[in-house]
Amino acid sequence: MARVLTWRRTILMIVGLPMVISLAALAFAWPASRIAPRDLPVGIVGTSTASQKAVESMTRNAPGGFDFHLYPDQAAARSAIMDREVYGAFVIAPGRVTVLEATAASMPVAQLLGTSGQQLAAHAPKLPTPDAVDKWHGNKKKKDVPKAAKVTVKTVDVVPTSADDPRGVVFSAALLPLTVCGIIIAALITLSALHLPGWRRVIDLIAVCAVCGLAAYLVAQGILGALPHQHLATYAALSLTLLAISATSAGLVRLIGHPGLALSAALLVFVGNPFSGSTSAPELLPKAVDDIGQWLPPGAGANLLRSTAYFDGNGAGSHVAVLILWTVLGLTSVVFARRTLTVLGDTVEEDSHASGAHAAAAEEPAGALVAATSGAPAASPSEALQDRHAHHARHALHD
């Protein structure tokens, strides 16, 4: 038997462990290697011929890459960016292309929009400017056919990142440790003090996540300055994200036991983090990855935090709903699920037979006390069972 277990362990180490590591590496590397715009919402200001040609050019260069929204003026486009309806907008004017971007929404998207603006400007000189065309029509001379004027590109950052975190590195790097800390919180609370009722664990989870959320905010903003706006709402977003992650992990542990920790790590760390789009944007990831990532706590938490820290909470409703859903499901499992858990030899069995086991355990000290007072040695459980069967047999013979 020992030899069989040894071979199983060897096979697990040689085959199973490399497979797990390969899948983990693939989960992080594959979405990053497939970054490209997919129905990325951007705005176009105006309905002029130049604007229409800009839309046709961008559609031709990146089919299915952009989802265009038309706005009458720059003010409307800026408002849409602040409301998180679009990531940016292009203002096409004679001799000039203005790119409205928001580095706080996504640094890679802002760079992509800047590159697209340069491409629009490069193709624009093929046509003369309207002023030159009007002047040519007035002269009516073929030799005065106007030449195309050089088009300039101007970039305006409507919602910039914090001056202390200009590239958004702190913001994008904070999600992974936040996820890991949420799982650690769940493990400590769920697998310690097993005799406590479920509602006590719920209170502990809420309290610890609130305190840890405050600690994370003090580091991210107080020391690093990466979350500059809406301080109370941003702190609440951090705490809710931690609570959703830890409640999900704790609920899985209560439902399936110790394997719940491994499952929560696989679901939240190796799927939730790389699929979240926190380092780029959800619309830059493959469609299936985008859909999965935004329905998991890390993805919803990252977008909620971006909304509260930079966009006055705009566009946060769906992300709050996802986090609350996971929180409610996890806490419900913590309260009502019954599972045998063992930590350092401490076993608590919470099922329909638990009360009978506790009652039997309570009877043994009573029997020992009676035996001690009468001077007789206490009977073991097996001896007591044999005496009971003998007693019933004597009664049967007497009858």
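The values are calculated or read from the model by the stated rules, or taken from the named source; none is laboratory data. If you're wondering where the values come from, they're calculated on a predicted model, not measured in any experiment. Glycine also receives a Cβ, built like all others from the backbone with ideal geometry; neighbour counts cover every protein chain displayed. Surface areas here come from the heavy atoms of the whole protein model, side chains and all, with no ligands, DNA or RNA. Shrake-Rupley method; radii C 1.70, N 1.55, O 1.52, S 1.80 Å.
Could you check the stretch 171-180 and list, in sequence order, the residues that are touching a residue at least 24 places away in the same chain (Cβ under 8 Å) and over 16 Å from Ser280 (Cβ atoms)?
Leu178, Thr179, Val180
Within the stretch 259-267, is even one residue touching a His at 6+ places or on another chain (Cβ under 9 Å) and surrounded by 24 or more Cβ atoms within 10 Å (Cβ to Cβ)? Let's see the steps before the verdict.
To start, the set of residues in the stretch 259-267 that are touching a His at 6+ places or on another chain (Cβ under 9 Å) comprises none.
Within the stretch 259-267, not a single residue is touching a His at 6+ places or on another chain (Cβ under 9 Å) and surrounded by 24 or more Cβ atoms within 10 Å (Cβ to Cβ).
Report, by residue number, each residue of the stretch 267-317 that is hydroxyl-bearing (Ser, Thr, Tyr) and over 13 Å from the mean Cα position of the chain (by Cα).
Across the stretch 267-317, the qualifying residues are Ser280, Ser307, Thr308, Tyr310.
With Val55, Val42 as the choices, which residue is buried (at least 16 other Cβ atoms within 10 Å of the Cβ), among the β-branched types (Val, Ile, Thr) and under 19 Å from Asn303 (Cα atoms)? Break it down into steps so the answer makes sense when it comes.
Values: Val55 fails: under 19 Å from Asn303 (Cα atoms).
Only one candidate passes the filter, namely Val42.
Only one residue in Pro37, Pro63 is outside any helix (DSSP H, G or I) and open to solvent by 80 Å² or more (accessible area, probe 1.4 Å), so which one is that?
Values: Pro37 fails: open to solvent by 80 Å² or more (accessible area, probe 1.4 Å).
On inspection, the qualifying residue turns out to be Pro63.
Quick one: in the stretch 83-104, which of the residues that are within 20 Å of Ser280 (Cβ to Cβ) and acidic (Asp, Glu) is surrounded by the most Cβ atoms within 10 Å (Cβ to Cβ)? Quick ask: steps written out before the conclusion?
So in the stretch 83-104, the residues within 20 Å of Ser280 (Cβ to Cβ) come out as 84-89, 99-104.
When the remaining residues are screened for being acidic (Asp, Glu), the result is 85, 101.
Working: Glu85: 15, Glu101: 27.
Ranking the candidates gives Glu101 first.
So which residues in the stretch 161-202 are more than 23 Å from the chain's Cα centre (by Cα) and open to solvent by 50 Å² or more (accessible area, probe 1.4 Å)?
Ala163, Asp164, Ser192, His195, Pro197, Trp199, Arg200
Could you list, in sequence order, all residues of the stretch 286-315 that are in a loop (DSSP other than H, G, I, E, B), in contact (Cβ under 8 Å) with a residue 60 or more places away in the chain and either over 22 Å from Val86 (Cβ atoms) or open to solvent by less than 10 Å² (accessible area, probe 1.4 Å) (or both)?
Filtering the stretch 286-315 down to residues in a loop (DSSP other than H, G, I, E, B) leaves 286, 295-296, 311-315.
This time we only want the ones that are in contact (Cβ under 8 Å) with a residue 60 or more places away in the chain, so: 286, 311-315.
Once the filter is applied, which keeps residues that are in a loop (DSSP other than H, G, I, E, B), in contact (Cβ under 8 Å) with a residue 60 or more places away in the chain and either over 22 Å from Val86 (Cβ atoms) or open to solvent by less than 10 Å² (accessible area, probe 1.4 Å) (or both), the stretch 286-315 yields only Phe311.
Can you name every residue in the stretch 203-237 that is open to solvent by less than 10 Å² (accessible area, probe 1.4 Å) and either within 30 Å of Pro160 (Cβ to Cβ) or not in a helix (DSSP H, G or I) (or both)? Spell out the reasoning first.
Here is the first cut: in the stretch 203-237, the ones open to solvent by less than 10 Å² (accessible area, probe 1.4 Å) are 205, 209, 213, 225-227, 234, 237.
Matches in the stretch 203-237: Gly213, Gly225, Ala226, Leu227, Thr234, Ala237.
Take the residues in the stretch 316-327 that are without any contact (Cβ under 8 Å) to a residue 60 or more places away in the chain and surrounded by fewer than 18 Cβ atoms within 10 Å (Cβ to Cβ); name whichever of them is nearest to Val271 (Cα to Cα).
Looking at the filtered set, the residue picked out is Leu325.
Within the stretch 245-263, identify whether any single residue is over 16 Å from the mean Cα position of the chain (by Cα) and under 28 Å from Arg34 (Cβ atoms), and answer yes or no. Before you say what the answer is, go through the steps one by one.
Just the residues of the stretch 245-263 that are over 16 Å from the mean Cα position of the chain (by Cα), to begin with: 250-262.
With under 28 Å from Arg34 (Cβ atoms) added as a condition, the list becomes 262.
Within the stretch 245-263, one or more residues are over 16 Å from the mean Cα position of the chain (by Cα) and under 28 Å from Arg34 (Cβ atoms).
Phe270: touching a Leu at 6+ places or on another chain (Cβ under 8 Å) and either closer than 23 Å to Leu112 by Cα or part of a loop (DSSP other than H, G, I, E, B) (or both), yes or no? Step through it out loud before you land on a result.
On the way: touching a Leu at 6+ places or on another chain (Cβ under 8 Å): yes; either closer than 23 Å to Leu112 by Cα or part of a loop (DSSP other than H, G, I, E, B) (or both): no.
So Phe270 does not fit the description; no.
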